[in-house]
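Asks: Take this structure first; my questions come after.
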Amino acid sequence: MDIPILSLLIWMPVFAAILIMLMGREIGEGMKWFALVVSIAEMILAVLLISKSHISSQMQFVEKHSWIESFDIYYALGADAISITLIALTVFMTLLVVIASWTNIKHQIHNYLAAFLLLEGLMVGVFCALDAMLFYVFFEAMLIPMFLIIGIWGGPRRVYATIKFFLYTFFGSVFMLIALLYLYSQTNTFEIAQLSGAAIPLNVQIPIFLAFLIAFAVKVPMWPVHTWLPDAHVEAPTGGSVILAAIMLKIGGYGFLRFNLPITPDASRELDWLLIAMSLIAIVYIGFVALAQKDMKKLIAYSSIAHMGFVTLGFFVIYQISAGNTDFQMLALQGGMVQMISHGFISGALFLCVGVLYNRMHSRNIDDYQGVVNSMPVFSALMVLFAMANSGLPGTSGFVGEFMVIVASFDASLWYAALAAITLIVGAAYSLWLVKRVIFGEVLNDSVAALQDVTTREFSILIILALMVIALGVWPAPLVEYLQPSLERVLNLALVTKV
Amino acid sequence: MSILQLCLITVLAPLFGSVVVGLFGKWLTRAHAHLITIGGVALALVASGVIFYQLLQTEFAPQNFSVYEWATIGGFSLGIGFLIDSLTVTMMLVVTSVSLMVHVYTIGYMHEDPGYKRFFSYISLFTFSMLMLVMSNNFLQLFFGWEAVGLVSYLLIGFWYTRPSAILANIKAFLVNRVGDFGFLLGIAAIAVSTSSLDYAQVFAAAPGLVDSTLTITNSLEVPLLTFICIALFVGAMGKSAQVPLHVWLPDSMEGPTPISALIHAATMVTAGIFMVARMSPLFELSETALLFIMFVGAITAFFMGLVAMVQDDIKKVVAYSTLSQLGYMTVALGVSAYSLAIFHLYTHAFFKALLFLAAGSVIIAMHHEQDIRKMGGLWKRMPITYATSLIGTLALIGFPAFSGFFSKESIIEAVHLSELPGAHYVYWMVLSGVFITAFYSLRLFFLVFHGKPRMSDETYSHVHETPKVVTVPLIILAICSVVAGYAIEPMIYGDFFAASIHVSEHHGVMEKMADHFHGVQAMITHGFVAHAFYLLLAGVALAWLCYLLVPSIPKLLAPVFIIPNYILTRKYGFDWLYIKGFARLGVGIGKAASALGDRILIDGLMVNGTANIVKGVSMQLRKIQSGYLYQYAFAMIIGLLGLLTFFYFQI
């Protein structure tokens, strides 16, 4: 019998986290080694997952056990290329965060890492749950470790930030729960695959669509429900920011792909204008907001919102692309998906860069820096690379998704493409202006002059991300090819009418 | 070796040099750094030469190679590959040869700079990017090269990163280019949507079928699709090739070290836009409107930027504005469908303008980084090689008969004269009077730097001496090229050289008429001495001689008369003011307003915290009800009971 690899991926870090929390009291911070071993083991499992998967549109590695029989709720797991890619991203970024936190967290590092392991397991669960109820449980449970990470290891205004974060996301997910219960009352199933096939009249689809929208729009986050993100980022420790930006935001995008598009395709078609408008506002308006930020983390947080706008634009513009132009509809979906992966690397890297500076200067304020390149040349080279990737330079991953989405949206409307392409100017403006103020220039003061360049550990993490960013930018074909069948399946479900 | 292998060597050798020196520079000596990168570029030059030779054998039949698939989505395939034809190979030779000269020159120019190895890494990376751009067989790779040269330009303008002016100039250059790229990307998107391909061959094949297609801008406005595509692409070219109004970054780019001013901001990168339009000739030929637009933008740039060059006092700024003006000439040539002439001027200009920049650099080294021409003078005695090569470069630039610039510029003016586009008449006068302007500012520069009395302390003057061989040898080689390059006009322009790579519609027969007038190089030179342009050139030279050599007090005497034009020209028509005080501030202002008003007040203040406050307020009120007094509860119960009873009673 095959090993239940998905269950292992979920529960190994969860149990490890519990173990660390329980035994940490006696063994103490030495438990961080255990956390490292577990996250490496997760990485190995993820590699195994990819290598054992085959290019197909079907769910693979399926596990199905009865869980709550009276309500037909199953413990059902499975993964297609979309899930596997996001799982791999989760596991990879968690490993980097564990390494990055090694000496930077002074207070109870073992518990800190345990929280990340717990988070990792739950996020993997989100990405491979085939049962909507199971998805919901992971989706909600995931908030707890992040709540703790910001609330315990966060900055001075962490209480405000955590409450805002929690209320926002909780508010969103309540609507999802209502929608799921209603769907169950109509179809007697919680299985996502069956819900995707179920016939639902349009007037029912619309409220369900809106409920899902609220849940996932908060997560992405989309304008106008985005303001929790900058606050959460500013207060979160570096690792928290990295996971938040790199993975948790993607859960919103993933939700759109798994719930809105396949379960309520007609409502998606009906309300595509709303999503497109919200996405374009995110890209343009939030881009300008990013320009005005004085705090590095806030700037990157706003930049994340703007970049995630391309994901949602790509997913919903498919309805306005001329019918039958499947290649361009696929191009839009692919663009959104590649953008999610790329944004995981780039935003993660940028938050790590801010972390490197913060550890040395204890400030995220742009005005406290200037001329960092003079004392930290290696770090500066990497940060410039990531800033360039963030502004969508071809040859980096940041270009791929944006390019695909802009090209595909042109088929829908010149104006969508033109508004989205404004990011070319505004995105470069805020990214490079940040670089200009922080990295270049005369050394501002003695503390900037005394900065030490990156350590071997910091360098290794950033260079790995740099290589990923460049590899994906130079040759996205393997990823695109891998995702193609699974996204085609999503597209087919999204274009079918259920009325 | 196959051509594909040679192509790979051409692009990868400079990339290899750049990566090795860039990443492992710490462990390399300076000599290693320049040997590795120069080796890479030299190899690229040799490989390009071999490709040229092999193409010569097959009479320049275009060769298309696919290297790898970048991404394939269903039937929409995006690849990386090379298209090698006469146009490409011309660009490859120009890029690699000028790049090699600049690499060698850099040894001398940068030898005291702590960023020596970094500089070599950057210029090799530039060479790679530029080659990717010109050798591409598709729009995706073109865009990659396009942006990558922009990145290197950004890094090199800001090379001296502690200078505030340099790091302002580099972000400005990048952002202005991004404005152009905004158009460029939309053009590419329009092509992808309308032809389902980004491969040149397929797009060009599909283009004639799109002549009647339109693009809906608004419900009431439709424009011809090809006009949209061509103008959008050209907006990209306006950024990269610094055409008005996207020219503002180029003069500021002079903040970078002089070798890159020569390589990137004169000879190669800024000509990418010209190259791109020539490459896309099968598209542009289908849109009369776009060609007209191009012609006027070019003429405005050529004329008005030449005027600004007349009042600059920084040696590099004069040459920079001259570059803008010459790029305008190339653009005009594109507009009148004389693509081959645009490329020909690009090719001659690459040599003489690189020469002028490197000569300026040589002067700057000798003057210990003084760039103000008002503080120079009489240098010819001290720097004979720089002097002689500058003279050649200047003569080539002003189009003195028999020098390379003469052949290309004179031909462009003639082509405009023959053009039948509406308004070509005005453009002809603009480019013709440009000859006078060019002669005046070029000779003004030349006289102020090399002739007259030295306007510096005797001690400074006594320390000025000729620069080392690594500097002068590239100058001499480029000077030779600046003389002889023009003689290629017969095979390049009037032969079949570009026949397979540039497409001209039969309605735009400017070049055919040119060919009728052409009776060999000898006749062209002879005619050059009696043409209108030559008298204008002499007038410009004479005026410069009068004002700056014979009676140097004239400019001061005339200053009050020219106060208004001088005010306008020294402020460069106010573009910088508009962009920095206007657009840049407006952008940040919008951001601040959006951040404060939209995010903090409306969303957070009103929606988020507002909701919280309402809940809080309501609960505060509700709290009062729960007083804990039994009689109040009892009273409420009785009232409630009465109410209910009344309700049910009347219901029934």
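Asks: Quick one: how many residues across segment A:336-362 are within 14 Å of another protein chain (Cβ to nearest Cβ), buried (at least 24 other Cβ atoms within 10 Å of the Cβ) and not hydroxyl-bearing (Ser, Thr, Tyr)? Working first, answer last.
Replies: In the first step, residues of segment A:336-362 are kept if they are within 14 Å of another protein chain (Cβ to nearest Cβ); the result is A:336-339, A:341-342.
Cutting the leftovers down to buried (at least 24 other Cβ atoms within 10 Å of the Cβ) gives us A:336-339, A:342.
Keeping just the survivors that are not hydroxyl-bearing (Ser, Thr, Tyr) gives A:336-339.
Qualifying residue count, segment A:336-362: 4.
Asks: Test of understanding: among A:Ile192, A:Ile144, A:Ile178, A:Ile109, which residue is within 30 Å of A:Ile263 (Cβ to Cβ), hydrophobic (A, V, I, L, M, F, W, C) and in contact with a Lys or Arg (Cβ under 7 Å, 6 or more places away or on another chain)?
Replies: The conditions single out A:Ile192.
Asks: Within segment A:478-492, is there a residue that is farther than 24 Å from A:Phe256 by Cα, without any contact (Cβ under 8 Å) to a residue 24 or more places away in the chain and in a helix (DSSP H, G or I)?
Replies: No, segment A:478-492 contains no residue that is farther than 24 Å from A:Phe256 by Cα, without any contact (Cβ under 8 Å) to a residue 24 or more places away in the chain and in a helix (DSSP H, G or I).
Asks: Something else: Of the numbered conditions (1) more than 11 Å from chain A (Cβ to nearest Cβ); (2) in contact with a helix residue (DSSP H, G or I) (Cβ under 9 Å, 6 or more places away or on another chain); (3) farther than 27 Å from B:Leu45 by Cα; (4) among the charged types (D, E, K, R), B:Arg163 satisfies every one except a single condition; which is it?
Replies: (1)
Asks: Would you confirm, using the coordinates I've provided, whether B:Ile554 is more than 14 Å from chain A (Cβ to nearest Cβ), surrounded by 13 or more Cβ atoms within 10 Å (Cβ to Cβ) and not acidic (Asp, Glu)?
Replies: Yes.
Yes or no, residue by residue, for (1) of a type in the set (A, V, I, L, M); (2) within 12 Å of another protein chain (Cβ to nearest Cβ):
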residue: A:Gln320; (1), (2): no, no
residue: A:Phe328; (1), (2): no, yes
residue: A:Leu333; (1), (2): yes, yes
residue: A:Arg364; (1), (2): no, no
residue: A:Ser380; (1), (2): no, yes
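Okay, residues lined up against (1) crowded, with 24+ Cβ neighbours inside 10 Å; (2) under 11 Å from the mean Cα position of the chain (by Cα):
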| position | (1), (2) |
| --- | --- |
| B:Gln243 | yes, yes |
| B:His265 | yes, yes |
| B:Pro282 | no, no |
| B:Leu292 | no, no |
| B:Gly306 | yes, no |
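Asks: Suppose we filter segment B:336-370 for residues that are farther than 30 Å from B:Pro422 by Cβ and assigned to a helix (DSSP H, G or I); how many remain? Give the steps one after another, and end with the answer.
Replies: Step one: of segment B:336-370, the residues farther than 30 Å from B:Pro422 by Cβ are B:350-370.
Retained after the next criterion (residues that are assigned to a helix (DSSP H, G or I)): B:350-366.
Residues meeting the conditions: 17.
Asks: Next question. How many of the residues in segment A:353-377 are over 26 Å from the mean Cα position of the chain (by Cα) and under 15 Å from A:Trp433 (Cα atoms)? First the steps, then the outcome.
Replies: First, the residues of segment A:353-377 that are over 26 Å from the mean Cα position of the chain (by Cα): A:360-362, A:367-377.
Add one more test, that the residue is under 15 Å from A:Trp433 (Cα atoms), and what stays is A:367-373.
So the answer is 7.
Asks: Within segment A:382-408, how many residues turn out to be under 30 Å from A:Val454 (Cβ atoms) and in a helix (DSSP H, G or I)?
Replies: So the answer is 15.
Asks: Oh, and also: Using beta carbons and a limit of 8 Å, which pairs, at least six apart or on different chains, have the first residue in segment A:423-437 and without any contact (Cβ under 8 Å) to a residue 24 or more places away in the chain and the second one of a type in the set (D, E, K, R)?
Replies: Note: pairs meeting the criteria are A:Ile425/B:Arg178.
Asks: What residue, of A:Leu333, A:Leu357, is modelled with pLDDT of 95 or more and among the hydrophobic types (A, V, I, L, M, F, W, C)? Don't jump to the end; show me each part of the working.
Replies: Working: A:Leu357 fails: modelled with pLDDT of 95 or more.
Of A:Leu333, A:Leu357, the one residue that is modelled with pLDDT of 95 or more and among the hydrophobic types (A, V, I, L, M, F, W, C) is A:Leu333.
Asks: Something else: Would you be able to say whether some residue in segment A:406-417 is at negative phi, touching a Gly at 6+ places or on another chain (Cβ under 7 Å) and crowded, with 24+ Cβ neighbours inside 10 Å?
Replies: For segment A:406-417, residues at negative phi, touching a Gly at 6+ places or on another chain (Cβ under 7 Å) and crowded, with 24+ Cβ neighbours inside 10 Å: present.
Asks: Residues being more than 30 Å from A:Arg489 (Cβ to Cβ) and assigned to a loop (DSSP other than H, G, I, E, B): count how many of those fall in segment A:74-123.
Replies: Looking only at that region, the number is 8.
Asks: Same structure again: Scan segment A:1-57 for residues that are of a type in the set (A, V, I, L, M, F, W, C) and not in a helix (DSSP H, G or I) and report the count.
Replies: Matching residues across segment A:1-57 total 3.
Asks: Checking B:Glu69 against (1) within 14 Å of chain A (Cβ to nearest Cβ); (2) buried (at least 24 other Cβ atoms within 10 Å of the Cβ); (3) closer than 22 Å to B:Leu140 by Cβ, which test does it fail?
Replies: Just one mismatch for B:Glu69, condition (2).
Asks: Which residue out of B:Gly150, B:Gly183, B:Gly145, B:Gly187 is closer than 29 Å to B:Thr29 by Cα, of a type in the set (Gly, Ala, Ser) and either under 13 Å from the mean Cα position of the chain (by Cα) or outside any loop (DSSP other than H, G, I, E, B) (or both)?
Replies: The conditions single out B:Gly150.
Asks: Only one of (1) closer than 30 Å to A:Val490 by Cβ; (2) in contact (Cβ under 8 Å) with a residue 24 or more places away in the chain; (3) of a type outside the set (Asp, Glu) is not met by A:Ile3, so which one is it?
Replies: Among (1) closer than 30 Å to A:Val490 by Cβ; (2) in contact (Cβ under 8 Å) with a residue 24 or more places away in the chain; (3) of a type outside the set (Asp, Glu), A:Ile3 violates only (2).
Asks: Only one of A:Lys32, A:Lys64 is under 17 Å from A:Phe138 (Cβ atoms) and either modelled with pLDDT under 90 or of a type in the set (D, E, K, R) (or both). Can you tell me which?
Replies: A:Lys64
Asks: For segment A:399-408, which positions are touching a Leu at 6+ places or on another chain (Cβ under 7 Å) and more than 7 Å from chain B (Cβ to nearest Cβ)?
Replies: Scanning segment A:399-408 gives A:Phe399, A:Val400, A:Met404, A:Val405, A:Ala408.
Asks: Hey, which of the helices (runs of 4 or more DSSP H) in segment B:548-617, taking only ones fully inside, have at least 3 residues that are in contact (Cβ under 8 Å) with a residue 60 or more places away in the chain?
Replies: In segment B:548-617, B:563-570 are the helices (runs of 4 or more DSSP H) which contain 3 or more residues that are in contact (Cβ under 8 Å) with a residue 60 or more places away in the chain.
Asks: Please go through segment B:319-347 and give me each residue that is β-branched (Val, Ile, Thr) and under 17 Å from the mean Cα position of the chain (by Cα), ordered by number.
Replies: B:Val319, B:Thr323, B:Thr331, B:Val332, B:Ile343
Asks: Starting from segment B:489-504, take each residue that is part of a loop (DSSP other than H, G, I, E, B) and list its partners that are among the aliphatic types (A, V, I, L, M) and surrounded by fewer than 16 Cβ atoms within 10 Å (Cβ to Cβ), counting only C-beta distances under 8 angstrom and pairs at least six apart or across chains.
Replies: Between residues of segment B:489-504 that are part of a loop (DSSP other than H, G, I, E, B) and residues that are among the aliphatic types (A, V, I, L, M) and surrounded by fewer than 16 Cβ atoms within 10 Å (Cβ to Cβ), the close pairs are B:Ala500/B:Ala61.
Per-residue answers, yes or no, for (1) surrounded by fewer than 24 Cβ atoms within 10 Å (Cβ to Cβ); (2) of a type outside the set (Asp, Glu); (3) within 11 Å of chain A (Cβ to nearest Cβ):
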| site | (1), (2), (3) |
| --- | --- |
| B:Leu78 | no, yes, yes |
| B:Leu83 | yes, yes, no |
| B:Ser99 | no, yes, no |
| B:Asp113 | yes, no, no |
| B:Tyr122 | no, yes, no |
| B:Leu140 | yes, yes, yes |
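The values are calculated or read from the model by the stated rules, or taken from the named source; none is laboratory data. Everything numeric here is computed off the predicted structure, so don't read it as measured data. When we count neighbours, we look across all protein chains shown, and the Cβ atoms used for this are built from the backbone with ideal geometry, even at glycine.
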